[in-house]
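The values are calculated or read from the model by the stated rules, or taken from the named source; none is laboratory data. The structure presented is a predicted model; accordingly, all values stated were derived computationally and were not measured. All Cβ positions, even for glycine, are placed from backbone atoms using ideal geometry, and neighbour counts span all protein chains on display. To get the accessible areas, we keep the full protein, side chains included, count just its heavy atoms, and leave off ligands, DNA and RNA. Shrake-Rupley method; radii C 1.70, N 1.55, O 1.52, S 1.80 Å.
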Amino acid sequence: MSGHPSFFELDALALGGDSPSVREHLESCALCSAHVERLRLPVAVPSLPARAPTPWLRWVPLLGAAAIAASVALVLAVPARAPWLAAKGMPSVAIYVKRGQALTLWDGVSPVRAGDRLRVRIAPEGYDHVAVASRSRSGALVPLFEGPIDDRSSEFLVPGSWEVDAEPGSERLVIGLDHRAVPLAEAAWKTELELPKGER
Amino acid sequence: MIREKCARMLGDRDEAQDVAQETFLRFWRADLADSDPRTALSWIYRTATRLAVDRLRQRKRAGAAASPSDAIELGPEGSLAARRELERIARQVPPAELEAAILHRFDRMGQLEIAGVLGISERTVRRLLERFDRRIAEELRA
């Protein structure tokens, strides 16, 4: 119709599909090449700690469909009256809990369980850079994610999700926002959330 | 990718973001992470398109297209005028026709591809697109 492959074909290629005709088209079409390259831009993934996982929390990034995860726009629907954990007009954080097929917004008090997957959504309110870490029993910060925020006026879903393990205690998440890539401890805006853990 | 697809379909940035969010949420719930990429991609295209159609049909009547004569011709990226025209007639067009038209006009998909994504026959796709074209032609004459 247009002399270009469909966006479906381009997206399939970006996800790892193999189409000789599409590849041939890309060699001479800057528009389609740019589209595929945009989808292939790496998504910042959590930096796993080099040492053994923290005793009370094992974070397992969602890499089950790595190719898809790297290319989908990682946004998440937010209910109209989501209990954002902050005053109006300030940056805020929401935690989503996936348990089996059910996805819920953490209400700030309910315990999470081993096997739950957690995701972090942020309203950056003008900040450009986010860092997320877990706090170990010793108090040390274990980096989970660090990266730029595409649109600082819009809500941002932190790439990746993390699985709660069966160790006792609570999950402690630290989220920091700044206009630059700075260590979390130096971030201009920080918040720390403690998610109680319950029995499976 | 989801966000790009939604931006192609919906002119309003916030609405495109909403639809992208909802699509991804449903994708996560559908637990398709282990599916082959093409199956998952078909699911994403089908779901995002249907959500966009719902949004278009829910909108209040948009303003008239600036130039009806150029409203239907779409370049590879889909023109702003074409999107506005789609918004204008969305409430009068059955959802199935809109879905096929969006995949054809904005995603540049062929009839066989559309059939695969929507789970219908190629013949049905052809009929849907023909009916949509006739509807557009009647709108232009009106």
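Return yes when A:G126 is assigned to a loop (DSSP other than H, G, I, E, B), over 23 Å from B:A16 (Cβ atoms), open to solvent by 10 Å² or more (accessible area, probe 1.4 Å) and modelled with pLDDT under 85 and no when it is not. When the stated conditions are applied, A:G126 does not pass them. In region A:15-51, which residues are open to solvent by less than 60 Å² (accessible area, probe 1.4 Å), at pLDDT 85 or above and of a type in the set (G, A, S)? Of everything in region A:15-51, those that are open to solvent by less than 60 Å² (accessible area, probe 1.4 Å), at pLDDT 85 or above and of a type in the set (G, A, S) turn out to be A:S19, A:S33, A:A34. Residues in region A:131-162 that are under 22 Å from A:T104 (Cα atoms), more than 13 Å from the chain's Cα centre (by Cα) and modelled with pLDDT of 80 or more: 1 in all. Restricting attention to region B:116-128, which residues are free of Cβ contacts under 8 Å to residues at least 40 places away in the same chain, open to solvent by less than 30 Å² (accessible area, probe 1.4 Å) and not β-branched (V, I, T)? Passing the criteria: only B:L128. Scanning region B:1-13 for residues that are over 22 Å from B:G116 (Cβ atoms) and either at the interface with another protein chain (Cβ under 7 Å from one of its Cβ atoms) or touching a strand residue (DSSP E or B) at 6+ places or on another chain (Cβ under 6 Å) (or both) returns a single hit, B:R3.
Of the residues B:E113, B:E97, B:E87, B:E138, the single one that is surrounded by 17 or more Cβ atoms within 10 Å (Cβ to Cβ), modelled with pLDDT under 90 and not in a loop (DSSP other than H, G, I, E, B) is B:E87.
The selection criterion, being open to solvent by less than 70 Å² (accessible area, probe 1.4 Å) and in contact with an Asp or Glu (Cβ under 6 Å, 6 or more places away or on another chain), does not hold for A:S92. Checked against the criteria, A:L173 does not count as within 22 Å of B:R3 (Cβ to Cβ), over 13 Å from the mean Cα position of the chain (by Cα), open to solvent by less than 20 Å² (accessible area, probe 1.4 Å) and more than 14 Å from chain B (Cβ to nearest Cβ).
Scanning region A:120-139 for residues that are charged (D, E, K, R) and closer than 22 Å to A:E163 by Cβ turns up A:R121, A:R135, A:R137.
Selection over region A:137-151 of residues that are open to solvent by 10 Å² or more (accessible area, probe 1.4 Å) and over 15 Å from A:V93 (Cβ atoms) gives a count of 10.
Can you pull out the residues in region A:169-185 that are touching a Leu at 6+ places or on another chain (Cβ under 9 Å) and of a type in the set (V, I, T)? Correct list: A:V174, A:I175. The set of residues from region B:14-50 being farther than 24 Å from A:A123 by Cα and more than 7 Å from every other protein chain (Cβ to nearest Cβ) comprises B:A30, B:L32, B:S35, B:D36, B:T39, B:S42, B:W43, B:I44, B:R46, B:T47, B:T49, B:R50. In region B:11-32, the residues that are open to solvent by 20 Å² or more (accessible area, probe 1.4 Å) reach residues that are part of a loop (DSSP other than H, G, I, E, B) with C-beta atoms within less than 7 angstrom, at least six apart or across chains, in these pairs: B:Q17/A:V75; B:Q17/A:S154; B:E22/A:A77; B:R29/A:Q101; B:D31/A:Q101.
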